[in-house]
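Heads up: the structure comes next, in structure tokens.
The values are calculated or read from the model by the stated rules, or taken from the named source; none is laboratory data. It should be emphasised that the depicted structure is a prediction, and the values quoted were computed from it without experimental measurement. Cβ: placed from backbone, ideal geometry, glycine included. Neighbour counts: every protein chain shown.
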Amino acid sequence: MSKTNIRSHCPITTGIDVIGDKWTLLIIRNMLFHNKHTYGELLDMKERITSKVLASRLKTLADDALIEKRNHPTNKKVFLYTLTDKGISTIDIIAKIINFSITFYRDQINVKSSDKSRVSYRYLQAPSEAAFVKENKRNYIKFRKQLLDF
């Protein structure tokens, strides 16, 4: 099993090496908040990830135990990708990034949208960051259980 090459003993460097590339948190976002769980669904993100990059990132995420890859119960050509508990824990980091972006880049992001599926909308509607994290963890764990109980 290959794992991310860790460049130093610095915890910031380590975190960046594992989840700090351009695509990893976006893949996790789509899995965690939008219940995307197949290659095709993950490929269809608005930021337009290439097939080659997605395949590489999914392999790295699986090797680092942030996601699990399983066979689809009825279609052997399709795999199901789900976040592990370790992968779900990245929601704490994502919440901090959302807060940072809303606080300092509010004009560049659409936080006034009434689209309830937007992560920024759900973040702003939550009573607190802790409540946002707790609710979304619970929702994903429930989704994962339903998806995998086939």
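Taken together, the criteria exclude TYR105 from residues that are touching a Phe, Trp or Tyr at 6+ places or on another chain (Cβ under 8 Å) and more than 17 Å from LYS36 (Cβ to Cβ). Restrict the check to segment 94-101 and report whether at least one residue is in contact with a strand residue (DSSP E or B) (Cβ under 9 Å, 6 or more places away or on another chain) and at pLDDT 95 or above. No. Of the listed requirements (1) surrounded by 15 or more Cβ atoms within 10 Å (Cβ to Cβ); (2) in a loop (DSSP other than H, G, I, E, B), SER114 misses just one: (1). When segment 68-81 is filtered for residues that are surrounded by 13 or more Cβ atoms within 10 Å (Cβ to Cβ) and either more than 15 Å from LEU148 (Cβ to Cβ) or touching a residue at least 60 places away in the same chain (Cβ under 8 Å) (or both), the ones remaining, listed by number, are ARG70, LEU80.
Out of THR14, THR60, THR50, one residue alone is of a type outside the set (A, V, I, L, M, F, W, C) and surrounded by fewer than 14 Cβ atoms within 10 Å (Cβ to Cβ). It is THR50. Residue check: LYS36 meets all listed conditions (1) at pLDDT below 95; (2) not in a helix (DSSP H, G or I) but one, namely (1).
Exactly one residue out of ALA55, ALA65 is without any contact (Cβ under 8 Å) to a residue 60 or more places away in the chain, farther than 30 Å from PRO127 by Cα, touching a helix residue (DSSP H, G or I) at 6+ places or on another chain (Cβ under 6 Å) and surrounded by fewer than 16 Cβ atoms within 10 Å (Cβ to Cβ): that is ALA65. In summary, ALA95 fulfils each of the numbered conditions (1) in contact with a Phe, Trp or Tyr (Cβ under 7 Å, 6 or more places away or on another chain); (2) loosely packed, with under 10 Cβ neighbours inside 10 Å with the single exception of condition (2).
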